[in-house]
Each structure stands twice: as structure tokens, then as C-alpha cells.
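Chemist: Here it is: the structure, laid out below.
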Amino acid sequence: MAEEIKFVVVGHHSRLRHAQRLAALLDAYLLIDDGNHGANWNHRRALEWAAEQTCRVIVVEDDAQPSNSFTELVIGHWLNRFPDSLVSFYLGTGRPPQYQMRIAERLIVADKTQADHITLPQLIHGVCYSVPPQHISRVLSRWDSSKPADYAVGDAWGGAVVYPCYSLVDHADFESVECHPDSAPRTERRRAWRIAWKTGQ
């Protein structure tokens, strides 16, 4: 089934080596922002490329750190279960702060009910996600170039987003290269709440 999935890595020129290594690891198509156009611009390029493919595409940022079972779980489990859903394979701490309490509450409920995923009304991270191919054209048609990349995707999607309770990628938490509209420094720890490879899941 691996031939039915493709990966695209979006990267910034200042992290070229990281992006190249990740693309090689995933056998991914690589899109580098050489002109400081910003994450919104590069994520849109990734989805435009995805729209031209005949299979489902996973968008991965250059600072993602895949778990040992990443490809197996993405292909063999999550995308099979949610063929019509926007799925994010990273659920992070720190940013955005207004979602952290909600995430904690939903993870507690998931533990009590033995659920393996939660849903949120927004894509809050662009680290690693997949838009169903049948919906990419709709997402692109509703794209807002003024928003951060993750919110541009999530708002254009306009529905719930699936998050595995145990993320399949972690976040390297490099210094941000994005010029954020609020100009606020990103000082919070930006790592996954839980990682699949630490639990054997």
C-alpha cells in the first residue's frame, strides 16, 4: 500500500540540510523556501503539488522528527481509518497556548474511554498533516494567504481535525524562522504531548 502514499517536505533555506535529510528518509518531494516567502506560501505550494498526485499526500515540515513506526502507522492505520478526515500527526505543547487546556482535558477523557485519538476544531500545528485528496481543491479555493499556515489549512478545511493521542512525529523546536503576525517570540516548549515510539504504540 506504500505506493498509494506520498510525502512532501516543506523547508526553509536556513534549514536546508535538515530538510534534505528528512526528505531522503521519507523519499519525499522537497519544497524549499529560498526567498523567505513564509510558511503559508510554502504550505500552499505543497497542497498544490498534492492536488496533482493520484494518491494521498502527507505534508511534513523540516523540523519534524518521525517516530520509528511513523510510515507504518500513517499508511497502515490512521489514513485507512480516516480517509475523509484532515489528520494531524503532531499534537504539541506550548503553542498555541489557548488550546493547551482543551488538549489536556480531551486526552484525559480519551484515556478514560480508551480512545486513541481526539478531535479539535482547528489545525493548530503544521508540523505533519494530511488533507484527503478529494478535498484539496476546496481547501485551496478557500485559502487565506494572510494567515499562519496551520490556520490557513484548518480554516479552509472548515471542520474537525483528527489527532492521534500519541503523535507520530515530534518537533525539533528549532528557533522559529517564521515572521509571525503578532511579532511575539515563541519561547514556550514546543514538543509533542506524547510520542508513539515511547509507548510502543
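The values are calculated or read from the model by the stated rules, or taken from the named source; none is laboratory data. Keep in mind it's a predicted model, so treat the numbers as computed, not measured. Heads up, the Cβs are rebuilt from the backbone with ideal geometry, glycines too, and the neighbour counts pull from every protein chain shown. Side chains included, ligands, DNA and RNA excluded: accessible areas come from the protein's heavy atoms. Shrake-Rupley method; radii C 1.70, N 1.55, O 1.52, S 1.80 Å.
Chemist: How high is the relative contact order of the range 12-111, in percent, with contacts defined as C-alpha pairs under 8 Å that are six or more residues apart?
Modeler: Contact order relative to length: 20 percent.
Chemist: For the chain, treating each Cα as an identical point scatterer without solvent, what Debye log10 I(q)/I(0) comes out at q = 0.10, 0.13 1/Å?
Modeler: Values returned for q = 0.10, 0.13 Å⁻¹ are -0.37, -0.65.
Chemist: Now for a different question. Tell me the label-point distance for the pair N80, E52, using the 7 Å Cα-to-Cβ offset, in nm and rounded to one decimal.
Modeler: Reported label-point gap for N80 and E52 is 3.1 nm.
Chemist: Considering only D170, D116, D155, give the residue with the highest GNM mean-square fluctuation for the chain, with springs between Cα atoms whenever their separation is below 10 Å.
Modeler: Top of the fluctuation ranking is D116.
Chemist: Using only the Cα atoms, work out Rg/Rh for the range 55-95, with Rh taken as the Kirkwood radius, to two decimals. Mind showing how you got there, number by number?
Modeler: Working: Rg = 11.1 Å, Rh = 11.6 Å.
A ratio of 0.96.
Chemist: Also: Could you give the accessible area per residue of the range 62-141, probe 1.4 Å, as a whole number in Å²?
Modeler: With the other protein chains kept in place, the range 62-141 gives 43 Å² per residue.
Chemist: Among A152, L107, G35, whose Cα lies farthest out toward the positive end of the dipole of the chain, if unit charges sit on the beta carbon of Lys, Arg (+1) and Asp, Glu (-1)?
Modeler: L107
Chemist: Using the Kirkwood formula on the Cα atoms of the range 11-53, what hydrodynamic radius do you get, in angstrom to one decimal? Intermediate results must be reported in sequence, preceding the final value.
Modeler: Numbers: mean 1/r = 0.0930 Å⁻¹.
Its Kirkwood hydrodynamic radius stands at 10.8 Å.
Chemist: Still on this model: Report, to the nearest whole %, how much of the accessible area of the chain belongs to carbon and sulfur atoms, 1.4 Å probe, protein only.
Modeler: After summing per-atom areas, the C and S share lands at 49 percent.
Chemist: Kirkwood Rh over alpha-carbon pairs of the range 90-177, then Stokes-Einstein at 20 °C and 1.002 mPa s: what D in µm² s⁻¹, rounded to an integer? Mind showing how you got there, number by number?
Modeler: On the way: Rh = 14.1 Å.
Roughly 153 µm²/s, to the nearest whole number.
Chemist: Follow-up question, since we're still on this one. If you count, for each residue, the other Cβ atoms within 10 Å and average over each peptide, how do 15-28, 121-134, 95-108 line up from highest to lowest?
Modeler: Numbers: 15-28: 16.6, 121-134: 21.1, 95-108: 13.8.
The packing order, highest mean first, is 121-134, 15-28, 95-108.
Chemist: Could you grab the relative contact order for the chain? Cα pairs under 8 Å, six or more apart, rounded to a whole percent.
Modeler: Result for the chain is 27 percent.
Chemist: Filter the GluC sites (Glu not before Pro) in the range 13-104 down to the DSSP loop ones having no more than 10 other Cβ atoms within 10 Å, then list what survives. Write out the running numbers ahead of the final one.
Modeler: Working: sites: E48, E52, E61, E72; in loops: E52.
For GluC sites (Glu not before Pro) across the range 13-104 that sit outside H, G, I, E and B with at most 10 neighbouring Cβ atoms in 10 Å, the list reads E52.
Chemist: With label points built 7 Å along Cα→Cβ from the Cα atoms of R45 and R17, find their separation and express it in nm.
Modeler: Label at R45, label at R17, 2.2 nm between them.
Chemist: Which value, in Å³ per residue, describes the convex hull spanned by the Cα atoms of the range 18-96?
Modeler: Working: hull volume 10.2 nm³, N = 79.
Taking the convex hull of the Cα positions in the range 18-96, it is 130 Å³ per residue.
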